[in-house]
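Inspection log for the structure reproduced underneath, given as structure tokens.
The values are calculated or read from the model by the stated rules, or taken from the named source; none is laboratory data. From a predicted model like this one, the values you see are computed outputs, not experimental measurements. Glycine gets a Cβ as well: all are built from the backbone with ideal geometry, and neighbour counts include every protein chain shown. Ligands, DNA and RNA are stripped out before the accessible areas are found, and what is left, the full protein with its side chains, is counted by its heavy atoms. Shrake-Rupley method; radii C 1.70, N 1.55, O 1.52, S 1.80 Å.
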Amino acid sequence: MKNLLLITVAFLCLKGNAQKQPFPANIVFNNGLMASSKNSLDAQNNYDTWQINFVESCSNGRYRVKFDDPSQTVSEGIAYGMLLSAYKADRILFDGLWLYYKDNVNGNKVMNWKISGCSGTIGQNGATDAELDAAFALIVADFQWGSTGNINYKSDATALITAIKNYEVEANTYVLKPGDQFGGSQITNPSYFSPAYYRAFGVFTNDTAFWNQVAAKSYTVINNNLTQNNAVGGLVSDWCEASGAYSSQAGGYNNGGKSYTYDAARTPWRIAVDYVWYGNADAKAYAKKSSDFVRLNLGGTSNIKDGYNQDGSLRGQWHNATFVGSFACAAMAGENQQHLNDSYTDLKNLNEPNSYFNHTLKTLYSFLLTGNFYLPLNATLSNENFDIEKSTVTLFPNPSADRITVSAPQQSTISVISPSGSVIHQQKTISESTEINLGHYASGVYFVKISNDDFKSVTKKVILK
């Protein structure tokens, strides 16, 4: 029996070294609603179609994502692919996409935004949404596979986050610039704002004060934009100044950046992530406004079109996944289960397999809606954990079917952290031996953090069978 246990532990450890979170993760978020009919097979099918239709192999292990013009690739598409492949635990594809990204960077080490095929810059310099998605995807990769292989995901993530801080956040204002070479308070893009990522960046790089300011500024700009322009619901404009006013520098964009079209359409999705991961009140308020616009003003998800003026009047004509799916994500904070269910079904039934933007975003949205776009543990615990008499801290049995016993100094705080990064149990020790019952939680890899009053801590992994 003892040998069998050792073999089981060894197998689980080897499996863990391969990937921490196989697909599907099927996370149930602590905040918001989830569709009653959610099914990770829907996300799987969307991913398979995306990979077949848009992923192309280059030489030397590189991969690219085909754009609207299939002979071209944009940095946004590479970063979307990195997110999808990291969450899908597809390491070969992830590594190939990241190597392609690095092959095509400018002097600031951010990817030139448009490339011809497998090489050859067409559009120079960075687009900030790509950097944000790529940096967060590297954090997921570090969680999935660790950073001791051919690619050090942790150091690459840290370097890219530093580049974003130095070149794509306006100095002293915390306004997100839309690229490393332009923008800031005079022109920014609300659909790039990713406050959930910023909170994770802060923890991952031990720079929470800075990144929390960038997150807070995101909501300031969004709310300014809605207020300044008497917007209905959450209909932000594609482009604006930090004051919320329309930008005089947006003349080259659709309707001068004044409408809710293909840039702004992603905003409800990005903000919904901040709510389901962190329970942020500003995120909930914005997402609910967006969801209520569809449910109340439009009469339901089936009436969504691809563009609106900020007063809610119609500009678009097509019913597609870019708009439907983002609003569906917002419905996770909308407090109406039936509307979320209808939105999920509407998105599932849309079939645009050859549309780069619509189908790629449909796949990303479906990952979030099914609990497969989650906050990894390494973005919730600081990289700088301190020992508290580590030799005295033990945890057994491990693996366990239900109960674990933690041996740690008295007056320690024990926190049990779920695979999605949520603290599911916390208590103060009153003796050196503390039993914790985890029998009512799902199988998986959990973390037990033991900390003292000096904020020093040690973290242990436990496998729940």
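Normalising by residue count, segment 30-145 has a Cα convex hull of 125 Å³ per residue. Mean separation of Cα pairs under 8 Å and 6 or more residues apart, divided by the residue count, gives the chain a relative contact order of 14 percent.
Taking amide H atoms as placed 1.01 Å from N in the peptide plane, the amide H of Ile424 lies under 5 Å from those of Val416, Ile417, Ser418, each 5 or more residues away in sequence or on another chain. With viscosity set to 1.306 mPa s at 10 °C, what whole-number translational diffusion coefficient in µm²/s follows for segment 170-275 from Stokes-Einstein and a Kirkwood radius over Cα pairs? The estimated diffusion coefficient comes to 116 µm²/s. Binning the C-alpha pair distances of the chain at 20 Å intervals from 0 yields a P(r) profile of 24, 56, 18, 1 %, listed from the shortest bin outward. Ligands, DNA and RNA are left out, and with a 1.4 angstrom probe the accessible area of segment 138-183 is 39 Å² per residue.
If R0 is 45 Å, the Cβ-Cβ spacing of Gln426 and Phe210 corresponds to a FRET efficiency of close to 0.95. What percentage of the solvent-accessible surface of the chain, computed with a 1.4 Å probe over protein heavy atoms, is contributed by carbon and sulfur atoms? Looking at the chain in its full context, I get 48 percent from C and S. A Förster radius of 51 Å, combined with the Cβ-Cβ distance separating Gln228 from Ala401, puts the computed FRET efficiency at roughly 0.35.
Rolling a 1.4 Å probe over the protein heavy atoms leaves Cys118 with an accessible area of roughly 60 Å². Coupling constants for segment 46-59 follow from the phi torsions by the Karplus curve (6.51 cos²θ - 1.76 cosθ + 1.60, θ = phi - 60°), and in residue order they are 5, 5, 4, 5, 4, 5, 5, 8, 10, 9, 10, 7, 9, 7 Hz; glycine and proline get x. With the whole protein complex present, His440 retains an accessible surface near 130 Å², based on a 1.4 Å probe.
Report note on the peptides 127-136, 99-108, 371-380, 160-169: ranked by the mean count of other C-beta atoms within 10 Å, highest first, their order is 127-136, 371-380, 160-169, 99-108. Assign one of three labels to segment 258-367, namely rounded, prolate or oblate, based on the Cα gyration tensor with a ≥ b ≥ c the square roots of its eigenvalues; rounded applies when a/c is under 1.5, prolate when it is not and a/b is larger than b/c, and oblate otherwise. Here segment 258-367 falls in the rounded category.
Asn354 to Ala285: extension gain in nm, 0.36 nm per residue of separation minus the Cα-Cα distance?
Computed gain between Asn354 and Ala285 is 21.4 nm.
What segment 206-321 shows is 38 Å² of accessible area per residue, with the surface traced by a 1.4 Å probe over protein heavy atoms.
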